[in-house]
Structures are given as structure tokens and as C-alpha cells.
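Novice: One structure, as C-alpha cells, below. Some questions next.
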Amino acid sequence: MTVGVDDFKKAMQLWASGVTVVTTHSDKFGLQGMTVTAFSSVSINPPQILVCINESADTGAGIQESQRFAVNVLNSTQQDVSNQFAGGSSQKQRFENASWTFSASGTPMLDSSIMSLECTVIEKIHAGTHWIILGEVQETICRAGDPLLYFQGAYQQLMAQS
């Protein structure tokens, strides 16, 4: 017998994770992006990552069409960006107050994130209510700053040790 949804959610809130915004652009759907905490590296050689996206999220359709996406790891001052991309607003509104630029291959990348990884889709796996999207990293951008974290249902920041 599997654990109940509420118990699983309670347990997963004890997993501290970085906050990312996954972005894409396609001819059919235009600019799309969403806040995602399920992100991980998969392989160093070749460089591959994964993101997990709810099957009902419209950003997944854009990734499917373009076969490209970026993972933008937010810095500790970007709670508003996380909230903006978390839903409740149109895709157009999500990008209006965020500083972003297109990569050379046409993927939107957030300008103030501490890291952006532009990827091409190599595989998409359906698991429960989500798609696991494996991407091969084509470009990296790294910036100084501390990451925005999510723990116990709230944003957190790293505490510097003295």
C-alpha cells in the first residue's frame, strides 16, 4: 500500500530545494514559463539535467513543440519572480515584469538568475501526474549570488556561517 497524498506532501516539505523557472518559446505557443522545484543534474558527460512538469501545465506543450527549454535558478532576491511564474497569471504577464533575453537559439533566459541552463529535449517520460523531461545542456550562464530556497512550504535563504 502506498503512502497517502497528504503524508507524501508533508514529507516532501522537509526537502530543501532551489527554486527554478523553466522557460521556453515556440511558434505555436509563444513565450512560456513556470516555477519548478523538481530539477536535478543527471549526467556530467554528456551534460544532462531533468525537470519534472505537471502534465496539465501549458509550458509542457511549448517544450514539446520547440524541443528546447531553459532552467533558470533564482537568486535569493527573486521571490516575486518565483510567485509570478507560479501561476494565476497569463504566460504574457509572467514575462512582463521579469528581465529576460533570448539566447542565440531563441530560448528565453532570465537575466538575474544565478544560473541558466539552455537545453535540448532528449527524452520525455510520463510518471504519475508529471512529465520527467531530460535535457542535454547546450549553454550555461553563471552569475554571483545566493540561491532562493524552498523549505517547509516557504522561501528560505542560506545563512552565512561565521
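Novice: Test VAL21 against the stated conditions and say whether it is of a type in the set (Val, Ile, Thr) and farther than 20 Å from ALA86 by Cβ.
Specialist: On the way: of a type in the set (Val, Ile, Thr): yes; farther than 20 Å from ALA86 by Cβ: no.
For VAL21, the condition - of a type in the set (Val, Ile, Thr) and farther than 20 Å from ALA86 by Cβ - is not met.
Novice: Among GLY30, GLY4, GLY18, which is farther than 16 Å from THR120 by Cβ, within 14 Å of the chain's Cα centre (by Cα) and small (Gly, Ala, Ser)?
Specialist: Numbers: GLY30 fails: within 14 Å of the chain's Cα centre (by Cα); GLY4 fails: within 14 Å of the chain's Cα centre (by Cα).
Unique residue meeting the criteria: GLY18.
Novice: Turning to a different aspect of this structure: Of all the residues that make up the stretch 53-82, how many are surrounded by 15 or more Cβ atoms within 10 Å (Cβ to Cβ), in a loop (DSSP other than H, G, I, E, B), in contact (Cβ under 8 Å) with a residue 60 or more places away in the chain and not hydroxyl-bearing (Ser, Thr, Tyr)?
Specialist: 2
Novice: Just to confirm my filter: which strands (runs of 3 or more DSSP E) fall fully inside the stretch 1-52 and include at least 1 residues that are touching a helix residue (DSSP H, G or I) at 6+ places or on another chain (Cβ under 9 Å)?
Specialist: On the way: elements: 20-26, 30-36, 39-43.
Per the criteria, 20-26, 30-36.
Novice: Considering (1) over 15 Å from the mean Cα position of the chain (by Cα); (2) surrounded by 14 or more Cβ atoms within 10 Å (Cβ to Cβ); (3) of a type in the set (A, V, I, L, M), say which one ILE44 fails and leave the rest.
Specialist: (2)
Novice: Can you tell me how many residues in the stretch 137-159 are in contact (Cβ under 8 Å) with a residue 12 or more places away in the chain and assigned to a loop (DSSP other than H, G, I, E, B)?
Specialist: At the first step, the residues of the stretch 137-159 found to be in contact (Cβ under 8 Å) with a residue 12 or more places away in the chain are 137-153, 155-158.
Next, from what is left, pick out any that are assigned to a loop (DSSP other than H, G, I, E, B): 143-146, 148, 152-153, 157-158.
Within the stretch 137-159, residues that are in contact (Cβ under 8 Å) with a residue 12 or more places away in the chain and assigned to a loop (DSSP other than H, G, I, E, B) number 9.
Novice: While we're looking at this one, here's another question. Can you tell me which of (1) closer than 15 Å to VAL21 by Cα; (2) at pLDDT below 95 is the one PHE151 doesn't meet?
Specialist: The single condition PHE151 does not satisfy is (1).
Novice: Please report, ordered by residue number, the strands (runs of 3 or more DSSP E) entirely within the stretch 93-136 with at least 2 residues that are surrounded by fewer than 16 Cβ atoms within 10 Å (Cβ to Cβ) and free of Cβ contacts under 8 Å to residues at least 40 places away in the same chain. Before the answer, list the steps.
Specialist: Numbers: elements: 100-102, 108-110, 115-127.
Hits in the stretch 93-136: 115-127.
The values are calculated or read from the model by the stated rules, or taken from the named source; none is laboratory data. As the structure is a prediction and not an experimental result, all values here were calculated from the model. Heads up, the Cβs are rebuilt from the backbone with ideal geometry, glycines too, and the neighbour counts pull from every protein chain shown.
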